[in-house]
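> Sharing a structure with you now.
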Amino acid sequence: MSNDILVHAEAGVTTITFNRVDKKNSLTAAMYAQLADALAAADADPAQRAVVLQGHETIFSAGNDIGDFLNAPPSGEGAPVFRFLRGIASFSKPLLASVCGPAVGVGTTLLFHCDLVVAGDNAAFSMPFVNLGLVPEAASSLLVPQMMGYHRAAEALLLGEPFMAEAAQEVGLVNRVVPPSEANRLAQAMVAKLAAKPLASLVATKKLLKQGQSAQVLARMDEEGALFRRMLGEPAAREAFGAFMERRKPDFSKL
Ligand code: COA
């Protein structure tokens, strides 16, 4: 197994680290499978009380590996990416994230399923699905407007431009903004407080906080996933991925 995902369990806390920094922590199918397995294991293990997802001080994640999109696109609902997305949506214990640097695509949309988010002041969030000829995923088409309001959601999802840590805190996506060198430490301090609390109460409170909309979230993920899979093979996405690989601007003028 590769070291692209590191999983460390200590004192009731599972820390999952994206560790593919040379490729900006972009996520391959194999990494999604490891992430889904690690989440399922932490949820099932009564000794584990919370999970932290983190990246590197300079990069959280550049989103899905674009080479994977081209060569081995997710073929059905059982694909590792969808298993991971359902895993974060239905994770029953506290889920925290520490985000520094760019958080692109799923690097941002996964945060809408976290309970607490710490950001370095270099964090840059973006959901450029339209720019890639795709549609939002991870139920972000439902959760982003709920959190940010329609017009800010439309700006984030239609224009797809990055917004910084301060703006993310203003809309409620981020709890605390700190220097990048302090983000992971702060997330560990927060999760240690949670791990000291009664687990049954944490789990029940999280369930109440999610306002019983988990069926709606999973249904939206399926709806988005079907569209996403179809659009991956269409000309706009092929042009966007080809342009990224060739380091040129995409040309959508005929699409
Ligand atoms: N998939 C595959 N490889 C990726 C990647 C991705 N999503 N993002 C970055 N990489 C690779 C680059 O190809 C490059 O590889 P190389 O060194 O072998 O040439 C390496 O990571 C460094 O990336 P680079 O673009 O040079 O870094 P940067 O610091 O200039 O920019 C980002 C960082 C994250 C802003 C930029 O890489 C980016 O926009 N990535 C694509 C994001 C994206 O569209 N993701 C899909 C979302 S659904």
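Nothing in this text is a laboratory measurement; each read-out follows from the coordinates by a stated rule. A quick note: this is a predicted structure, and the numbers were derived from the prediction, not measured. Neighbour counts run over all protein chains shown; Cβ positions are idealised from the backbone, glycine included.
> I'd like the FRET efficiency for Ser201 and Met1, computed as 1/(1 + (r/R0)^6) with the beta carbon distance as r and R0 of 45 Å, rounded to 0.05.
0.80
> If you don't mind, there's one more thing I want to ask. Hey, rough spin-label estimate for Ser75 and Arg247, points 7 angstrom out along Cα→Cβ, what's it come to in nanometres?
3.4 nm
> Additional query: With θ set to phi - 60°, apply the Karplus curve 6.51 cos²θ - 1.76 cosθ + 1.60 along region 247-255 and write out the HN-Hα couplings as whole Hz, x wherever there is a Gly or Pro.
Going residue by residue, I get 6, 10, 6, x, 10, 9, 4, 9, 10 Hz, with x marking Gly and Pro.
> Also: Using θ = phi - 60° and the Karplus relation 6.51 cos²θ - 1.76 cosθ + 1.60, list the HN-Hα couplings for region 124-137 in order, rounded to whole Hz, with x at every Gly or Pro.
9, 9, 8, 10, x, 4, 4, 5, 9, x, 10, 10, x, 10
> Assuming R0 = 22 Å, can you tell me the calculated FRET efficiency for the pair Val171 and Ser214, based on Cβ-Cβ distance, to the nearest 0.05?
With R0 = 22 Å, the Cβ-Cβ based efficiency is 0.50.
> Quick one: what Rg and Dmax do you get for the chain from the alpha carbons, in Å?
Rg and Dmax of the chain, Cα atoms, are 17.3, 58 Å.
> Another question, then. Give me the extension gain from Ala236 to Ala192: residue separation times 0.36 nm, minus the current Cα-Cα distance, reported in nm with one decimal.
That pair, Ala236 and Ala192, stretches by 11.3 nm at full extension.
> Quick check for me: using +1 on Lys/Arg Cβ and -1 on Asp/Glu Cβ, what's the dipole size of the chain about its Cα centre, in debye to the nearest 20?
Using Cβ point charges on Lys, Arg, Asp and Glu, the chain gives about 360 debye.
> What are the semi-axes of the equivalent ellipsoid for region 193-254, taken as the square roots of 5 times the Cα gyration tensor eigenvalues, largest first, in whole Å?
Semi-axes, largest first: 42, 17, 8 Å.
> Given a Förster distance of 45 Å, report the FRET efficiency between Ser181 and Ala154 from their Cβ-Cβ distance, rounded to the nearest 0.05.
0.85
> Considering amide H positions built from the backbone, and no H for Pro or chain starts, which residues 5 or more places from Arg49, or on another chain, come under 5 Å of its amide H?
Those qualifying (amide H under 5 Å, at least 5 residues apart or on another chain) are Val13, Thr14.
> Hey, another quick one. Counting only complete DSSP H runs, which helices of the chain cover 20 Å or more along their long axis at the Cα atoms and score a mean Kyte-Doolittle of -1.0 or above?
29-44, 180-195, 214-232
> Taking a threshold of 31 Å on the Cα-Cα distance, which of the pairs Lys210/Lys254; Lys23/Lys249; Lys23/Lys197 fall above it?
Lys210/Lys254; Lys23/Lys197
> If you don't mind, there's one more thing I want to ask. Under 15 Å Cα-Cα from Lys193, which aspartates and glutamates qualify once same-chain neighbours fewer than 8 residues away are excluded?
Here the aspartates and glutamates satisfying the reach criterion relative to Lys193 are Glu10, Asp115.
> Gain in length, Val130 to Glu10, computed as 0.36 nm per residue apart minus the alpha-carbon separation, to one decimal in nm?
39.2 nm
> Which whole-angstrom value gives the distance between the alpha carbon centres of region 101-120 and region 15-64?
Taking the Cα centre of region 15-64 as reference, the centre of region 101-120 is 12 Å away.
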